[in-house]
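Have a look at the structure below, then the notes.
The values are calculated or read from the model by the stated rules, or taken from the named source; none is laboratory data. The model shown is predicted, which means the values in this text are computed figures rather than measured ones. Note that we place each Cβ from the backbone using ideal geometry, even for glycine, and neighbour counts take in every protein chain shown.
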Amino acid sequence: MLKKVGILANGGDVSGFNAVIRAIVKTAENHGVECYGIVDGYNGLLKKDFELLSTAVDGEAIGILPKGGSIIGSSTNANLFNYKIVKEDGSVEYKDMSDKAIENIKEFGFDCIFTLGGDGTQKSARDFSTKGVNVIGVPKTIDNDVACTEITFGYNTAVSVAMEALDRLHTTGATHHRIMVLEVMGRYAGWIALEAAIAGGADVALIPEIPYDINRVAEKINNRRKRGKNFSVVVVAEGAKPKGGDITIMGTRDNGAGVDNTKLGGIGQVLAQQLQEMTGLEARNTTLGYMQRGGTPTAFDRVLSTKYGTKAMQLALEGKFGTLAIIKNGKLDSVSLEEVVGNNTKVGAVSGNTEESNLRKVTMEDDLIKTARDIGINLGD
């Protein structure tokens, strides 16, 4: 019998975190299970920072359905299997603190830990599962790249924000006869760029899965101008790269091995400058950035998040631990965390675009690719 469970939100924030938390709590309360929020992601496991969550009149889980962010915080750099520790003298060392976290879990009496997060979060969840912790994952990321599920919560809201930005950029581009470039998130998967381009009527969509030829992009814009269309709209994912080139990196972080320490960004400005020089049209870049993450979730994400939260709690009640709640063939389902991480089985190696990583990327057979091509969106190839 489950008596007490913990919920942690990890990785970059998305709209829908709170809706998942609320759904887990409400379902748990209907079965007499007590819920605690683990504050600031995996950091909370190490620091024993646990907060009671309830839907009582004055409870933390009341009124959170429309709220963006996470009421229990999150962390983007807490790999407990290779944890960064800053000593008194300022020097840094990395330690495996997973056993300490497991000790805290047992001491507090958690029967299950729910991990709300993406690729890295679920990799750590799998690692804790191999060490005997009852874990159930819920797939979160605006990049929509978690393996084994058709859609992650937070993604639809990000696409909707990008679409609205494209609607606005269209009017400015048409008024001033400019090339309007919109840089959106998408490190290794181009779902946001591709779907936003279709929804927002863009002329070009550049994604990580298709290295682009800048000459083909300029050709598309020049052909539009020959037909009397003196402006163009370009969407580019932050992880897009030219043929034979590399991704554009703003900088790096020092969070140790096992996590992706690269900070992407800047490809939009690079493209705008190149296209201005190649076409003679003025070009402007807008980097949407964290606007895609924040704010209230769409109706779609509220429903999806609620479905995921209830499914996760049901899996726990059934004792189906070491799993990830997923959408398969349009319906709720589950899959083992082992299948989610694929060949990335080394404990402590959390994430990154390696051969072992099991990220869900856009394939050339996907309906979105076919649709984009059919309506004339240039994909840079």
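From the list GLY69, GLY120, the one residue that fits, being touching a residue at least 12 places away in the same chain (Cβ under 8 Å) and buried (at least 24 other Cβ atoms within 10 Å of the Cβ), is GLY120.
Considering the stretch 106-129, and only residues there that are assigned to a helix (DSSP H, G or I) and of a type in the set (D, E, K, R), the residue that is modelled with the lowest pLDDT turns out to be ASP119. Taking the stretch 227-248, which residues are surrounded by 24 or more Cβ atoms within 10 Å (Cβ to Cβ) and either among the acidic types (Asp, Glu) or outside the structural domain of ALA202 (by TED's automatic domain parsing) (or both)? The answer is GLU238, and nothing else. Among the listed residues THR323, THR287, THR296, THR306, identify the single one that is in contact (Cβ under 8 Å) with a residue 60 or more places away in the chain, over 14 Å from ILE151 (Cα atoms), touching a helix residue (DSSP H, G or I) at 6+ places or on another chain (Cβ under 9 Å) and surrounded by 20 or more Cβ atoms within 10 Å (Cβ to Cβ). The unique qualifying residue is THR323.
Meeting the requirement of 1 or more residues that are touching a Ser or Thr at 6+ places or on another chain (Cβ under 6 Å) and either more than 24 Å from ASP13 (Cα to Cα) or small (Gly, Ala, Ser) (or both), the strands (runs of 3 or more DSSP E) wholly within the stretch 265-381 are 323-328, 331-336. Does ALA162 fit the bill of being more than 27 Å from the chain's Cα centre (by Cα), under 23 Å from ILE247 (Cα atoms), assigned to a helix (DSSP H, G or I) and not assigned by TED's automatic domain parsing to the domain that holds ILE142? No. Residues in the stretch 130-140 that are surrounded by fewer than 22 Cβ atoms within 10 Å (Cβ to Cβ) and either in contact with a helix residue (DSSP H, G or I) (Cβ under 7 Å, 6 or more places away or on another chain) or part of a helix (DSSP H, G or I) (or both): THR130, LYS131, VAL133. What about ALA56, is it modelled with pLDDT under 95, surrounded by fewer than 19 Cβ atoms within 10 Å (Cβ to Cβ), of a type in the set (Gly, Ala, Ser) and farther than 25 Å from SER357 by Cα? For ALA56, the condition - modelled with pLDDT under 95, surrounded by fewer than 19 Cβ atoms within 10 Å (Cβ to Cβ), of a type in the set (Gly, Ala, Ser) and farther than 25 Å from SER357 by Cα - is met.
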